[in-house]
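The values are calculated or read from the model by the stated rules, or taken from the named source; none is laboratory data. If you're wondering where the values come from, they're calculated on a predicted model, not measured in any experiment. Cβ atoms come from the backbone with ideal geometry, glycine included; neighbour counts cover every protein chain shown. To get the accessible areas, we keep the full protein, side chains included, count just its heavy atoms, and leave off ligands, DNA and RNA. Shrake-Rupley method; radii C 1.70, N 1.55, O 1.52, S 1.80 Å.
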Amino acid sequence: MAGSLDITALMKVAIEEAKKSTPEDEGVHPKVGAIIADPNGNILQRAHRGEESGSHAEYLCLKKAKAANQNLEGCVMFTTLEPCTARGPGKQACCTHIIESKIKRVYIGMLDPNPAICGKGETRLRFHLDVERFPLDLVNEILMLNADILNRFKGAHLSEESLYVRMQIHQIMRECLVRNGVPVDGQKGEIQPPVRYRLPPVFVQL
C-alpha cells in the first residue's frame, strides 16, 4: 500500500462520519460511518447510517462509487462497524457488496454486537480480502458512540448463566477471600461458584 496513505487519519474521518448518523425509526440503531479511499489515501466516497433510509453506510458508499463510475479495485474501505452478513428480502448483505466491488482491504472499528452477526462479517470478508482492525483507542471512541446499541445486546454476551461470567465471578470471590486471609483450595474446601447471583458492577457497566 502506498506510503502516503494515512491510515489513522482516514479512520478518524470514518468516525466523524459515524457521528452524523440518524435513526431511521424509533428503534435503537448503531451509528456507522464508512469511507472509501484510493491506494494513495484520497477519499473517494463517504456515507453514514440514516443518510439514505434503509441503506447501510458501507452499501451507500459503494452505491455512490458505482454512480460515479469509480473503479474500486485495489481501494480501501474504513467502516466503524463490522459489515452485515444478511439483510431483509430483496436486499444484499454489505459483505457481499464489498466482496463484489473488488476492494482490496477493509478496516473495521467495532464488531457488530448483534450475536447473529458478531464476528461473522469479519470472518467472511477474510476469505476474500485483507481485513484489519482500528486501534484500541479509536475502537473505544466508537464503543462510547454506540453505548445504546451495546446495552441492547449486552445480555446476549454477558448472560448471568454464562460459564465465562460464572468463572470470572468465582475467581473474583476467591481472590477477595485470599486477600482477607480466608483459607481456600482444600483448607476448608474449595469455593464453588454461586448457583444464583447478580452481576457485580464490573460486568454490568460498559
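Take the residues in the range 5-36 that are part of a loop (DSSP other than H, G, I, E, B) and of a type in the set (Gly, Ala, Ser); name whichever of them is nearest to LEU72 (Cα to Cα).
Our first condition is that a residue be part of a loop (DSSP other than H, G, I, E, B); within the range 5-36, this holds for 5-6, 19-32.
Right, trim to of a type in the set (Gly, Ala, Ser) and you get 21, 27.
Working: SER21: 24, GLY27: 33 Å.
Filtering the range 5-36 for residues that are part of a loop (DSSP other than H, G, I, E, B) and of a type in the set (Gly, Ala, Ser), the one nearest to LEU72 (Cα to Cα) comes out as SER21.
Considering the range 42-56, and only residues there that are at pLDDT 95 or above and touching a Lys or Arg at 6+ places or on another chain (Cβ under 9 Å), the residue that is farthest from THR22 (Cα to Cα) turns out to be LEU44. Of all residues in the range 1-40, those satisfying the criterion of being open to solvent by 40 Å² or more (accessible area, probe 1.4 Å) and polar (S, T, N, Q) are SER4, THR8, THR22, ASN40.
Scanning the range 90-103 for residues that are assigned to a helix (DSSP H, G or I) and surrounded by fewer than 15 Cβ atoms within 10 Å (Cβ to Cβ) gives a single hit, GLU100. Being buried (at least 21 other Cβ atoms within 10 Å of the Cβ), touching a helix residue (DSSP H, G or I) at 6+ places or on another chain (Cβ under 9 Å) and touching a residue at least 60 places away in the same chain (Cβ under 8 Å) is not true of VAL106.
Check whether at least one residue in the range 70-89 is part of a loop (DSSP other than H, G, I, E, B), basic (Lys, Arg), closer than 20 Å to GLU132 by Cα and open to solvent by 70 Å² or more (accessible area, probe 1.4 Å), and report yes or no. No, the conditions are met nowhere in the range 70-89. Please count how many residues of the range 56-69 are surrounded by fewer than 19 Cβ atoms within 10 Å (Cβ to Cβ) and assigned to a loop (DSSP other than H, G, I, E, B). Of the residues in the range 56-69, 2 are surrounded by fewer than 19 Cβ atoms within 10 Å (Cβ to Cβ) and assigned to a loop (DSSP other than H, G, I, E, B).
Among residues that are more than 15 Å from HIS128 (Cβ to Cβ), under 22 Å from the mean Cα position of the chain (by Cα) and of a type in the set (Asp, Glu), GLU24 is included. Beta carbons closer than 7 Å, at least 6 apart along the sequence or on distinct chains, pair a first residue in the range 18-47 that is at positive phi with a second that is modelled with pLDDT under 95 and open to solvent by less than 30 Å² (accessible area, probe 1.4 Å) for GLY41/LEU5.
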